[in-house]
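What follows is a short report on a single structure.
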Amino acid sequence: MSEVRLTTPSFLVLGIIDKLGEASPYDVKVEAARTVAPFWSMPHAQVYAQCDRLLEAGLLSETRREGGRNRRLMRLTQDGAGVLRGWLDDPAFVPVEARERGILKLWFGASPRVHAPVQVTEHARTLEEYEELATSVGELLSRGQREALEFGIRYERMMVDFWRWVADREPSDGPDGRDGRDGRDGRDGRDTF
């Protein structure tokens, strides 16, 4: 096995192939979009690159289907299964990296009056979808899958609550439609956050 630095996308690929038993890079891409995309997105090109890296590192093996498109099917090797198990067993804490575009826009002065109603509507829609999913197939999910779905439900509830709070705050928009606060105290230019 060659030495390779494994990242979360590496483990995502290993985990999906492990769950499916064998998979092509395309299968991994489809399964990631179908299952983990709400809480971990991964560009399609990265799936293919990760498959190649993991294959080269000896963590995946590959067979080719004869005929048609000569499709690549990959399985975890014994080393790959061991590495995945080690990652799953590792309780190390990694801080959450929130990537909410609406909050970034608020930070830079976007108008809450413009953004909050859209955010409330979209997060409420997603919450409803997750709750329907929990009702319709919740008992068919593994414990970990059900807990991940519950995270999504609780996250969307929190986001609906947060954006309602933003919408209900006293308006302080300036003449340009932006929040009048620019993050400076107006006296000496120092940030007041």
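The values are calculated or read from the model by the stated rules, or taken from the named source; none is laboratory data. None of the values given here were measured: they were computed from a predicted structure. Ideal geometry is used to build each Cβ from the backbone, glycine not excepted, and the neighbour counts take in all protein chains shown.
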Condition check: touching a strand residue (DSSP E or B) at 6+ places or on another chain (Cβ under 6 Å) and part of a helix (DSSP H, G or I). Does L54 satisfy that?
yes
Just checking, which of L104, L84 is in contact with a helix residue (DSSP H, G or I) (Cβ under 6 Å, 6 or more places away or on another chain), surrounded by 11 or more Cβ atoms within 10 Å (Cβ to Cβ) and closer than 29 Å to T7 by Cβ?
L84
Got at least one residue in segment 75-96 being among the charged types (D, E, K, R), over 26 Å from the mean Cα position of the chain (by Cα) and over 14 Å from V13 (Cβ atoms)?
yes
Would you check which residues across segment 47-64 are of a type in the set (D, E) and within 17 Å of Y26 (Cβ to Cβ) and list them?
D52, E62
Residue list for segment 1-51, filter: more than 22 Å from R64 (Cα to Cα), among the basic types (K, R) and either at pLDDT 95 or above or assigned to a helix (DSSP H, G or I) (or both):
R34
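Only one of these is surrounded by 12 or more Cβ atoms within 10 Å (Cβ to Cβ) and closer than 18 Å to S41 by Cβ: H123, H115. Name it.
One residue alone meets the criteria, H123.
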Residue set T121, T135; condition at pLDDT 95 or above and either polar (S, T, N, Q) or not in a helix (DSSP H, G or I) (or both); output residue T121
Which residues, taken from segment 82-128, are among the aliphatic types (A, V, I, L, M) and in contact with an Asp or Glu (Cβ under 7 Å, 6 or more places away or on another chain)?
L84, L127
